[in-house]
Amino acid sequence: MRTDENPKKKTLRQQEVMSFLEKSGYASVEELTQRFAVTSQTIRRDIGELAQTGRVRRHHGGVALASPIDAHTYRQRRVDRASAKRRIARRVAELVPDGASVFLDTGSTCEAVAEALCERTGLRVVTYGLRAAVTLIDRTDFTVAVPGGFVQNVAGSVMGEDIAEFIRRFRFDVAIIAVSGIAEDGGMGDDDQNEVSIVRAAIGQARSTLLASDSSKFYRTALVHLGPVTEVSDLVTDAAPQGALQQILASSEVRLHIA
């Protein structure tokens, strides 16, 4: 194993790896190996050293830019626009029929949705958000499935290399998703590559996709692209978007619900 690499060369390469991740959000070991013309062992050592600094997160076969959420920030997210999120959640629950099979995303809005879904009967829910799962398990007529993996501190999401494959075992009447932002061109995004992979898998298994998003997410560009907002069946929000997003929705088949 080579251990005598020029420290300046290694530092420069790791800086370039970080610059690349800041643009892409995620990269595979193979991609980085080819990009920087080094061995996979060298890239894995780089990833290990960067992970120790907390700047990236290692994943099976790759690395993602870390987007840690401290406890204060997450608690604040749960408080911010809480009234709007509760209204959105109630409207979402009204759109979910009794007995439906449901994928439920993670995050503060989806935690509010979980509470509202308790008004339904006979739901079959798959979620990787532990807070949502705990909210739902008191309903004895519900079936709740969660994947195995590691629990993210503070956020309470279950993460692991096989989560997307777990999601693909199911078929959903509706996938209820949340996003970090919806850009001017209608692109939905999230700040976590792993969550994007999981949600993409759920969308692919669902008859319809319902986006629950308060209006503060409009015209916000997130780190990792999820897909066009026109891909969802319904958008539930607290105020209609204006400008370019309004035009995109008006010209699409997305049903807009104002809570």
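The values are calculated or read from the model by the stated rules, or taken from the named source; none is laboratory data. In this text the structure is predicted, and so the values were computed from the model without any measurement. Here Cβ is always computed from backbone atoms with ideal geometry, including for glycine, and neighbour counts include all displayed protein chains. Keep in mind that these areas ignore ligands, DNA and RNA; they rest on the heavy atoms of the full protein, side chains included. Shrake-Rupley method; radii C 1.70, N 1.55, O 1.52, S 1.80 Å.
Residue count for region 113-125 under the criterion of being open to solvent by 20 Å² or more (accessible area, probe 1.4 Å) and either among the aliphatic types (A, V, I, L, M) or part of a helix (DSSP H, G or I) (or both): the result is 1. Every test in (1) modelled with pLDDT under 95; (2) in contact with a Leu (Cβ under 9 Å, 6 or more places away or on another chain) is passed by S216 save one, and that test is (2).
Yes or no: L210 in contact with a His (Cβ under 8 Å, 6 or more places away or on another chain), closer than 23 Å to S83 by Cα, modelled with pLDDT of 90 or more and crowded, with 21+ Cβ neighbours inside 10 Å? So L210 does not fit the description; no.
Criterion applied to S251, S233, S197, S213 was being over 27 Å from A27 (Cβ atoms) and either under 16 Å from the mean Cα position of the chain (by Cα) or acidic (D, E) (or both), and the one residue passing it is S213. Screening L12 with (1) within 23 Å of D162 (Cα to Cα); (2) open to solvent by 80 Å² or more (accessible area, probe 1.4 Å); (3) assigned to a helix (DSSP H, G or I); (4) not polar (S, T, N, Q) gives one miss only, at (1). Here is the figure for region 193-245: residues that are at positive phi and not in a loop (DSSP other than H, G, I, E, B) total 2. When you check S157 against the structure, is it modelled with pLDDT of 95 or more, of a type in the set (G, A, S) and touching a strand residue (DSSP E or B) at 6+ places or on another chain (Cβ under 9 Å), yes or no? It is false that S157 is modelled with pLDDT of 95 or more, of a type in the set (G, A, S) and touching a strand residue (DSSP E or B) at 6+ places or on another chain (Cβ under 9 Å).
Looking across region 150-179, the residues that are in a loop (DSSP other than H, G, I, E, B) and surrounded by 16 or more Cβ atoms within 10 Å (Cβ to Cβ) come down to Q152, A155, G156, G160, F170, A178, V179.
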